[in-house]
Amino acid sequence: MSLRLRRFLLLSIALLMPQAGVPAHAAERVTVLTSAPDGAYAETVDALREGLRSSAPAAELDVRDWAEASAGELAQSRIIVTVGAQAAQVLSQLEVAAPALHVLLPQAAYDKLPRRRAGDPEKSAIFLDHPPERQIALLRLALPDWSRLALLSGPNSHALVARLGEIAQNQGLQVQTAAVEDDRELYPALQHVLAEPSVLLATPDTAVFNSYTVQNVLLTAYRQHSPVLGFSAAYVRAGALLALYSTPAQIGSQAAEIVARSLHGDRLPPPAHPTGFEVAINATVSRSLGIRLRSGEELAADLRRREAARP
């Protein structure tokens, strides 16, 4: 065998071998840590998987419950996606070199995670909640005749409520706010902010708006002839007038786009709110309160057009 041929064979073998420290089978591994195996978490994972089939077909999803997370198991990942606040919190306590994308968690929960230091792996997020500008824009589109906004702030939403109030006031709305630190303060706070009929805007602060308080909130608002703008379709089914929300499929698809770009060598984008969204309305509550509303589809389409036209 000639020296030239021997060199050619050695170079060919070297090119086919995996990079040092990166097993070939792990080169495109995407590890998903979920806070729960069903419901919205499972729907988000399904949409992520479906999106990667076309944008990153070489990616291999390794879906794990948050309780199974360990630094050793995650070390082989190219990127880690956490679904839900609990999974994000667990990952933040592990020393893992892979970049992380956190989805299906409120911005307040993301802001509580340890801050990224120099030398730490990249991290980003798709928040569960929507930007304050979008929420106030929907309120003005759906309820142009209503001039009063009611806001309740809890331990996890002081900054968000302050921003909502600022934007609302800049658009000519009168804003009433009250702080709620525990369940005992909820009813008096509702009575205060709804002393006159107002739009009550619910925020994803579980210390204030949760499965135990939702009926009290909705019933009190209804008795005060005040519509509620919620943050999930479940709120509309429970009795809110309307809601602005993203489906798990929309968030999973957005996550797939980010993961695919990361696998192709791009850096993770800054944390952001969902790009896709829907509007749901409760026609029964609308009739009971004597409020005329356009359909949720029309409101969502109008809101998208306005955002697309924004410079």
Enter the angle in degrees (range 0 to 90, nearest 10) between the Cα long axis of helix 296-309 and the first principal axis of the Cα atoms of the chain, meaning the one along which they spread out most.
60
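What dipole magnitude, in Debye to the nearest 20, does region 241-311 give about its Cα centre under +1 on Lys/Arg Cβ and -1 on Asp/Glu Cβ? Spell out each step's value before the answer.
Values: 9 positive and 7 negative charges, 46 e Å.
Dipole of region 241-311, to the nearest 20 debye: 220 debye.
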Given H placed on each backbone N at 1.01 Å, which residues far from Val175 in sequence or on other chains put an amide H within less than 5 Å of it?
Leu149
Keeping all protein chains in the complex and leaving out DNA, RNA and ligands, what accessible area do you get for Lys123 with a 1.4 Å probe, in Å² to the nearest 10?
50
Measuring from the longest principal axis of the C-alpha atoms of the chain, the long axis of helix 132-142 (C-alpha) lies at a number of degrees, nearest 10, equal to 50
Counting only protein heavy atoms and rolling a 1.4 Å probe, one gets per residue an accessible area for region 118-173 in Å² of 39
Output the 0 to 90 degree angle, nearest 10, between the alpha-carbon long axis of helix 248-263 and the longest principal axis computed from the alpha carbons of the chain.
30
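So which chymotrypsin sites (Phe, Trp or Tyr not before Pro) in region 185-254 pass both tests, a DSSP loop state and at most 15 other Cβ atoms within 10 Å of the Cβ? Don't skip to the end; give the middle numbers.
Numbers: sites: Phe209, Tyr212, Tyr222, Phe231, Tyr235, Tyr245; in loops: Phe209, Tyr212, Phe231.
Sites meeting the loop and neighbour criteria: Tyr212.
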Net lengthening on full extension, Ser55/Leu219 (0.36 nm per residue, minus Cα-Cα)
54.4 nm
For region 41-126, what % of the accessible area comes from carbon and sulfur atoms, probe 1.4 Å?
46
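Treating only the Cβ atoms of Lys and Arg (+1) and Asp and Glu (-1) as charged, compute the dipole magnitude of the chain about its Cα centre; round to the nearest 20 debye.
Working: 29 positive and 31 negative charges, 193 e Å.
Roughly 920 debye, rounded to the nearest 20.
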Using modelled amide H (1.01 Å from N, peptide plane; none on Pro or chain starts), what sits under 5 Å from the amide H of Val81, excluding residues fewer than 5 places away?
Thr31, Val32, Leu33, Leu101
Once label points are set 7 Å from the Cα along Cα→Cβ at both Asn210 and Gln93, what is their separation, rounded to one decimal in nm?
1.9
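The values are calculated or read from the model by the stated rules, or taken from the named source; none is laboratory data. In this text the structure is predicted, and so the values were computed from the model without any measurement. Backbone-built Cβ (ideal geometry, glycine too); neighbour counts: all protein chains shown. Surface accessibility is based on the protein's heavy atoms, side chains included, excluding ligands, DNA and RNA. Shrake-Rupley method; radii C 1.70, N 1.55, O 1.52, S 1.80 Å.
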